[in-house]
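No lab work stands behind these numbers, since they all come straight from the coordinates. Not measured: the values here are computed from a predicted model. Because the Cβ atoms are built from the backbone with ideal geometry, glycine has one as well, and the counts that use them run over all protein chains shown.
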Amino acid sequence: MYRMLLRKLLEAFVTLFCATLIIFALIRLAPGDPVQLLLGHPGEAALSDKQAFNDRAAGLRAQLGLDQSMIKQYTAWIHNLVQLDLGTSIHTGRAVSAEIVARLPATAMLSAAALLIQAVLGLFFGTVSALKAGKSYDNAIRLACVALASTPAFVIGLFLLSLFAVTLGAYEISSEAGLSRLWLPALTLGLIGAPQLIRMVRANMLSEFGRIYVLSALSRGLSRERVVKHALRNALLPVITMIALSLTSLISGAVVIESIFSWPGIGKYALDSILLKDYPVIQGYALVMVSLVILIHLCVDVVYALIDPRIHRKREAGAEEHV
Amino acid sequence: MSNANHPVSLVSGIVVLGLLAILILGAPFLAPYDPVKQNVTERLEKPSMEHPLGTDRFGRDVLSRTLHGGQTTLISSVVALCAALIIGLFVGLTAGMFHGSIIDIILMRLIDVLLSFPFMVLAMVIAALFGTSLSHLLLAVVAVWWVSFARLTRSVVLHAKNETSFAAARVLGATNGAIIFKELLPKAISPVLILATFELGSLILSIAALSFLGLGSQPPAPEWGSMLADGRDHFMQAPHILIGPALFIFLTVLAFNLIGEGLRDRLDPYEKTEL
Amino acid sequence: MFAARYFGEDTSIMVKKEIETMLQVTNLQVAYKQGRQSVSVLDNLSFGLRQGEILALLGESGSGKSTIAKAVTGLLPPSAHIGGGTMHIGSTLRVDMAVGKGRGKGRGIQWERIRGRGVAMLFQDAQQALNPVLKIGAHFRESLLFHRLASPDEVVPISIRLLSLLGFTDGERILECYPFQLSGGMCQRVCLALALCLKPSVLIADEPTSALDTVSQKEVLDLLKRTQKELGLTVLLITHDIAVANAVSDRVIVLNKGAIEEEGDTRTVFSKPRAAYTRQLLSSRSQIAKPSRERESAHSREPLLEITGLEKTFDGKKRVLHDVNLTLNRKEILGILGGSGSGKSTLARCITGLESPEGGHVIYRGTDICRLRGKGKRGLCKHIQMVFQDARASLNAGRTAMQLVQEPLQYMHIGNKEERETLASFYLHEVGITGDLLKRRPPQLSTGQCQRIAIARALVLRPEVLICDEAVSALDMSVQAQILALLQRLHKQFGFSILMISHDIRVLRSFCHHIAVMNNGSFSEVKRASALLHESKQSYTQLLLKCAGDMEEGLY
């Protein structure tokens, strides 16, 4: 058991290490000289300033450690990362880590609320759909799922925004995070993730209905509601994993929603920074996101390892089968 | 919604896709206006008889631009997804075939690393560092999208390896190549194709979202993504600009999702168990 | 009275009013939808079940016997259509089966009131019949409380009493177990206890022991018989196995293609069968079990395959094979007998190179085939071939019989196209697949025909060793007899050695020269087949023989 946990932890670290390598490589592979990007193009400087420009560039190069070997640069970068130093923003001059930490609660709040909405929708409609399989309720839910899953996220966002903010006047647009303004972006984000969950709950329930223990429970004269509970309990395990894993897609999917609703989360911050060409912020954003995803995966693995190992293995194998 | 006897969703998906294909491929003949011809006198006009979907900020007809724009979007998405699919099949077959070996371990680790990069995040980093364009986005697609195909293929292969027919082929002296092409690939191909139809839908949606954020192809190209970016800039004055590309994206994704659902119902006609 | 001890003072439910017939099914018609067609499975079937008897429904696959069980408990799949029929349970309850036409589940019938108390059911795969995430205790608690048969504090004592009735001495521990922690036989006993705790009027047992090995099969059947006697249960036993029907039933109904061939007292039916179909079933069975005479000296003493000290573990922990030693002579038919989990299939996989053992040698004609790699290992298939249990699954569904048999020739690059076709049709002809059948694909063929193709496919490379891994276990008795006869003929004709792996002592005793008994990953003994019964000193072999012998008592 502890060996298993230790292995998972080690794997997570290896993954994180590889991820930092990829981010580092991406930055180095990027066309153009980072110094030039920071200082602007030398051609734009006046001729007399050429010398001064080159001096400044060389100074900056030394300051950023760009004159050293790749390995040294990487270790220096990692060294800073370990100390939670993600560099400073070019635009504001403040520490990137502080900027991200300041915006993390807004994104966390939005994702958590969306997760809740999505889970409730998924479990409820998924179960109803499975219970009414082949009937009109089921068909309506499936059709709605397909339609919703085919609608671009920003269309849903803009539609709900114009409906509630403009037509009904029930929602006030503002760039501040607050519980009173949380519900609409959270609803939007939850709606976007719901179809996949509904589909999965339905498929899992139906496959459980076909199992012998369900027939056996029926043959013992238990009522329909009872037997559904049996099936639900078995169908839920992979669904819970899926809900946990969908947190990762929610955090990254929040970018569009945060942008539409002017929600001051890290997604919007990163997006603004891209337009401002604020590279340290983008780098920091990517690192934080990747670490979060790895952490979520690790947590799911650990929780699963704590649950009966046999169920764990069986369910994992089953979950992968679902296309 | 459909079962093996009444493939409603499959048929309707194919019909929608067929109509879209006719509209998009026939754009040069069907589009009422030249997609790039500007008309400064008719800027940001609301939908009317002359311009069913209105005009954009240069007075270009949105409908014509939407019809013409589909080609780039669809063809590039399909090509990127096919590339991802082929890589995924190859990686999945290799990892599954040599399950437990060092190759499998390395490939699975690589997959884990890529799984920790949400596509949106990677696309944003690439857009920031390499500049915003559709080709960069598609590159990012190929870089990470093969993972889902690889995982699916691998699990299909691992299941197939436990089946009697696999052992039988081995005992009959089949080479690795013969086993891959005769036993494993045929089993993997249909689930992978079903996944591909769904993934194509979500790929188009992702690209649309990124384009909407201004991280995809840039105006003035007649391409759905850039039209979305354009539309966002003028959303307050003229929300109708978004309708054309958004509607077409919706219909395209809908068609692929319907086909995917229909194919899935056909592939595993699990007996619906009533309680 | 015995029942009083286990159910407390109240025995009134157990000693029911004297009723002649506990379950009467009249004119039952069931059809399955297949695509647009409707295939009739049961046609106007009627039978009655007297109180306190065990009635066996005996039939081969496709006879509709399981459909009866599902129809009576209302568990038919939606594709089934009940055309008509009525069911009487006890003297009071009358059920019109065709209520809710078009719906397999028989909507409108309040099954919840029938199932459990009226008819209870045992399933073939008992382990699957228990909810994997619930402890055994929770199953009892739910059943007893739901039917209001006990108060919450009575649940545990009642469950433990029932479990002890079914031979569990450690009831408390069992109640705390999850189903996966119990063996198949134990699960079936738990299921029986679960069914009994509702005191059903009729117990339907659908192939309750088919998934179990000989020893636990005997154990479960004995318990079923004993509890039935003591509690006066009425049991409908559905089985394909004549021995099972013979061992426990009072009366037997022989079912063929949805119609009753013969009905009567078990002893009478099996000793003086009237219907031709029953005679055929019995004769194919005795054909399997009857030792043939001429085999004794048919093989030479020249060793062909020598296995020494073979070791194999799974996941580095679980030991599957331990110090396995075995010699297979030229033209010999050697049987390997073992229960589930004895490691006999792993041995077969090691010999064919599907698994690599950790230690020991498999010497074939002087070379250790475990050490072969790449081409050499692949070349082995010309010498050692294998036939699998599930013939249909071993054949690629997309190819015709002709194509399937040519496959190994293509892999080995033998002959050109015409030569391959000639060879394939020759061997297919030898196994009795001719004419129109050559162009059919596995889904359009019967299981027996699939196994014939698999045999032809194994023989087309002219191997010296043919391994049959439970090759006949999944087949109906009559088909089993045909395939065994076929193998015997081919063995005489082509002179290969056969390694016959089976859990069924009857098959091996009649078919093999020698039998090696495998238990817990190693051989306990190797004996001449005919001498196994008298000479065996090993307790495990004795136990196997006794179990098989008891069940067959009075059959021949």
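Figures for the structure shown
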item: Per-bin percent of Cα-Cα distances, chain A [10 Å]; result: 5, 20, 25, 22, 16, 8, 3, 1, 0, 0
item: Förster-model FRET efficiency, 60 Å R0, B:VAL78 and C:LYS318, C-beta, rounded to 0.05; result: 0.80
item: Charged-residue dipole, Cβ positions (Lys, Arg, Asp, Glu), the range C:124-198 about Cα centre, Debye nearest 20; result: 100
item: Between helix C:417-430 and chain C: long-axis angle, C-alpha atoms, 0 to 90°, nearest 10; result: 50
item: Distance histogram in 10 Å bins (all Cα pairs of the range C:73-212, percent per bin); result: 12, 37, 33, 17, 3
item: Lys pairs, chain B - Cα-Cα below 27 angstrom, 8 or more residues apart or on other chains; result: 4
item: For the range A:100-265, fraction of C-alpha pairs farther apart than 21 Å, in %; result: 52
item: Cα centroid separation - the range C:110-179 against the range C:434-491, whole Å; result: 43
item: Between the range A:140-174 and the range B:179-230, the alpha-carbon center distance in angstrom; result: 23
item: Choice from B:GLY70, B:GLY260, B:GLY26 with maximal GNM fluctuation in chain B (Cα, 10 Å cutoff); result: B:GLY26
item: The range A:100-265, relative contact order [Cα under 8 Å, separation at least 6], %; result: 40
item: Relative contact order of chain A, defined on C-alpha pairs under 8 angstrom at six or more residues apart (%); result: 25
item: Lys, Arg +1 and Asp, Glu -1 on Cβ, resulting dipole of chain B about Cα centre, debye, nearest 20; result: 480
item: Among C:GLY74, C:GLN538, C:GLY185 the positive-end extreme of the charge dipole of chain C (Cβ point charges); result: C:GLY74
item: Helix-only CD estimate at 222 nm, as mean residue ellipticity for chain A, using -39500 (n - 2.57) per DSSP H run (n ≥ 4); result: -26500 deg cm²/dmol
item: Contact order relative to length of chain C, as percent, for alpha carbon pairs under 8 angstrom and 6 or more apart; result: 14
item: Value of Rg to Rh for the range A:68-146 (Rh from inverse mean 1/r over Cα pairs, i.e. Kirkwood); result: 1.38
item: Under the span-like rule (Cα at least 15 Å along the axis, Kyte-Doolittle mean at least -0.5), DSSP H helices of chain A; result: A:2-29, A:70-82, A:96-131, A:136-150, A:179-209, A:224-260, A:279-306
item: 10 Å Cβ neighbours from other chains, averaged over peptide C:382-392; result: 2
item: DSSP loop GluC sites (Glu not before Pro) with at most 16 other Cβ within 10 Å: longest gap in chain A; result: A:1-171
item: Gyration tensor (alpha-carbon) shape descriptor, the range B:1-152, a/c threshold 1.5; result: oblate
item: Ratio Rg/Rh, restricted to the range C:368-481 and using Cα atoms, in which Rh is the Kirkwood radius; result: 0.98
item: Cα-based convex hull, the range C:124-198, per residue volume (Å³, whole number); result: 79
item: Chain C - mean residue ellipticity at 222 nm from DSSP helices (-39,500 (n - 2.57) per run, n ≥ 4, rounded to 500); result: -10500 deg cm²/dmol
item: Net lengthening on full extension, B:ALA21/B:ASN176 (0.36 nm per residue, minus Cα-Cα); result: 51.8 nm
item: Prolate/oblate/rounded call for the range C:207-292, Cα gyration tensor, a/c under 1.5 rounded; result: oblate
item: Net charge, C:GLU142 excluded, C-beta distance under 10 Å - Lys, Arg +1, Asp, Glu -1; result: +4
item: For chain C, share of DSSP beta bridges that run antiparallel, in % to the nearest 5; result: 55
item: Long-range amide H partners of C:ASP213 with built H, under 5 Å; result: C:SER340
item: Total charge dipole magnitude, the protein assembly as shown, about the Cα centre, Cβ charges on Lys, Arg, Asp, Glu only, Debye to nearest 20; result: 2320
item: 5 angstrom amide H check on C:GLY432, placed H, neighbours 5+ away; result: none
item: Charge context of C:TYR364, other residues only, Cβ under 12 angstrom, K/R +1, D/E -1; result: +2
item: Folded to 0 to 90 degrees: helix C:136-146 orientation relative to chain C principal axis, Cα; result: 30
item: Stretch in chain A that is longest and holds no trypsin sites (Lys or Arg not before Pro) that DSSP places in a loop and that have at most 16 other beta carbons within 10 Å; result: A:136-276
item: Distance between the range C:223-240 and the range B:4-83 - C-alpha centres, whole angstrom; result: 72
item: Translational D in µm²/s for chain C (Stokes-Einstein at 25 °C, 0.890 mPa s, Kirkwood Rh from C-alpha pairs); result: 96
item: Furthest towards positive pole of dipole, A:LEU187, A:ILE260, A:ILE117, structure part chain A, Cβ charges; result: A:ILE117
item: Shape call, the range C:439-480: gyration tensor on alpha carbons, a/c limit 1.5; result: oblate
item: On Cα atoms only, tilt of C:447-459 relative to the major axis of chain C in degrees; result: 20
item: Rg(Cα)/(2.2 N^0.38 Å) for the range B:121-236, N = residue count; result: 1.53
item: D (Stokes-Einstein, µm²/s), Kirkwood Cα radius, the protein assembly as shown, 0.692 mPa s at 37 °C; result: 96
item: Charge dipole (the protein assembly as shown, unit charges on Cβ, about Cα centre) - positive-most of B:ILE75, C:LEU328, B:ALA178; result: C:LEU328
item: With at most 14 other Cβ atoms within 10 Å, longest stretch of chain B clear of loop GluC sites (Glu not before Pro) (DSSP); result: B:51-270
item: Rg over Rh [alpha-carbon atoms, Kirkwood Rh] for the range B:72-267; result: 1.08
item: Theoretical ellipticity at 222 nm over chain B - DSSP helices of four or more residues, -39500 (n - 2.57) apiece, nearest 500; result: -23000 deg cm²/dmol
item: Span-rule helices in chain B, defined as complete DSSP H runs reaching 18 Å or more along the axis (Cα) with Kyte mean at least 1.0; result: B:8-25, B:62-97, B:102-115, B:134-161, B:185-212, B:240-267
